[in-house]
1. Quick one: putting +1 on the C-beta of Lys and Arg, -1 on the C-beta of Asp and Glu, what dipole do you get for region 198-351 around its Cα centre, in Debye to the nearest 20?
2. Among 76-83, 332-339, how do they line up by average Cβ neighbours within 10 Å per residue, starting with the highest?
3. Given THR386, ALA477, TRP366, which one lies farthest toward the positive end of the charge dipole of region 360-487, if we put +1 on the Cβ of every Lys and Arg and -1 on the Cβ of every Asp and Glu?
4. Using 16 Å as the cut-off for backbone N distance, which residues of region 240-279 belong to the label zone defined by a point 7 Å from the Cα of LYS206 along Cα→Cβ?
5. For THR232 and GLU87, FRET efficiency with R0 = 35 Å and r from the beta-carbon atoms, rounded to 0.05?
6. At ALA61 and SER405, where each label point lies 7 Å from the Cα along Cα→Cβ, what is the point-to-point distance in nanometres?
7. Pull out the extension gain between ILE519 and HIS551, defined as 0.36 nm times the separation in residues minus the alpha carbon to alpha carbon distance; nm, one decimal.
8. So what's Rg/Rh here for region 275-322, counting alpha carbon atoms and using the Kirkwood radius for Rh?
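Values in this text are rule-based calculations from the coordinates and carry no lab data. Bear in mind the structure is a predicted one, so any value in this text is a computation, not a measurement. Glycine gets a Cβ as well: all are built from the backbone with ideal geometry, and neighbour counts include every protein chain shown.
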Amino acid sequence: MKVAVQQEDLQLLAKTLQEQLLVEVSTAEVFEVKCAVNKDGLMILTQHASDVIVDAQLIFAVIEEVLQSLAPHKKQRVQCFLRVFGEQLPYAKCFLALKQTERWGDGGMGGWGVEEAGEAISYSSSSSALTYSPSIDEAEEEELFDPFADVPNLSALKPGFQVKPILLGAALLGIVVLGGGAYFLTRPCVMSECKEIQNAEEVKTKSPQLMRHAKSEKELLAIQQQLAAASTALNIIPSWSPRYQVSKELKASLSGRSEKISQVVMALQTASLATQKVQTPAYSLEELQARQHLWRQAIAPLEAISSSSELYGLVQGKLLNYRVHLHAVNQQIFTEENWLKKLTAAKAVAVAAQKRQATAKSLNDWQKVQSTWLVVVNTLNTIPRTSAGYQEAQKLLIDYKPKLSVVRDRATKERFAVKSYQQALSTAKQAKVYQQQNQWQAAATYWDQALQTAKQISEDSLYYTQAQSLIEPYSAALKQAQEKVQVVSSLQQTRTDLDKTCINGIRICTFSVDNAGIIVRLTAEYDQIRQNNLANPYSENSDTAVDVTNHLQILREALAVISDNANVSLFLYDSQGQVIYTRTLGG
């Protein structure tokens, strides 16, 4: 690519020099210019036919003038040579020490300025043509000119240019003798005054000023039309006219200026198209890149216009505006590329989320899956409406949001399952503590809570199987605790009944209750009253004695009922420990 660019630049320089020679040197139509690079030095070869006598100093001066028109920045050695077609070695040369903006082949022709003149031009001439008068060894010259061997010709030398003037004159004389001379001599600009050349010279003189003051594409096109009209008018001048060579030089000059105008007009038209496109929003990165390309196409030709050009003022006014637009498009592309990167990243993360979801086996796994989907959805939500990726992001959200919802529900369910499982274990542990303390009512309550918590764990949860393994032992523990509660409740009721029975104004008896049965002891006070009544049944208190005797019978019956209700044996003792009454289960 670098070699191709270098060759293209060298051809462009050669073309520029050849066109300038057409303008400045009357015999330039027989010249051919080639450019090459040798060891970072620029070499320029100008060739002509052997029958043409040229002013070597004028040729080198024209080349120097062209190189000086470009902005200097870096020193560069330039060697210029004159050579006859078909000859191997040059007959004249010069050396220029110039400054160059960029190296040849680095993407541009760069700028040149003469710093100092090198060696003097050395040549000699004969009657027919200039001949080589070497100032260095021929072997070295041959080596220097190797780079020109493969340089393509810009244009082939026309056969007409090889015809000697003497032969041309003879031919014209023959035509006149044959009777056709009157026609040729009366053609425009042959013998008569040449208004076409006068008009072309006037346009050539005025056009630089018009170009310098032009403010718009319309004005440039008007100037270009004048140049084209003047150039077209010169076409009527025949090749045998003595003014033909002048007309060719004028046409070349007018054409060169027209080409410069075309270059600028094309850039302005490209910028106009880019401006129209900016009025509507871009819906893709490709569209933004196309606009970027348009602005670059508009800017590049204008940047090539040198400060010495008549169009420089117009170009500089446009360049600033175009560069601002290009910068804006560049920023849009940068921003859009970032959004598209986010879109691409979100799709990649979504793939990872799906893979994690397929292999999730724990609460931690499901939480990671949920977090991953959340990153995807949040990233897609950040893509703005102005982005080219907005529509695709919205379509993806329609697909991804339900997946996030499903994963969130599953993670919540697993979180609840873990919490429930751990709570069931903790509650069961507390139930065992109450059970060891014979606090059966509290134990039963906690066993029931542990059992219900284990049953709440969903079937599709990862903890379902573990929870199911707790249900059977917890149910058995609950049943045992409930039975114990029933026993304790029954004994408590028995105590309550005994407490009521053993008090009737005075403490009649005391009692104790356990799994072995009910043990009731009459108090000493009650025994004393009972014995006194038995010892003196006919005393003044005989009715009391009867009541005491009856009361003991009623007491035994009441205790028997309490024993039946509690389903335990009954043992009744007096205050001395003697058995008064017993009642065993089933008896």
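1. Working: 18 positive and 12 negative charges, 13 e Å.
Dipole of region 198-351, to the nearest 20 debye: 60 debye.
2. Details: 76-83: 21.4, 332-339: 15.1.
Output ranking for 76-83, 332-339: 76-83, 332-339.
3. Of the candidates, THR386 comes out farthest on the positive side.
4. 254
5. That pair, GLU87 with THR232, gives E of 0.35.
6. 8.9
7. Working: separation 32, 0.36 × 32 = 11.52 nm, distance 1.85 nm.
Length gained, ILE519 through HIS551: 9.7 nm.
8. Details: Rg = 13.3 Å, Rh = 12.0 Å.
Using Cα coordinates only, the ratio equals 1.11.
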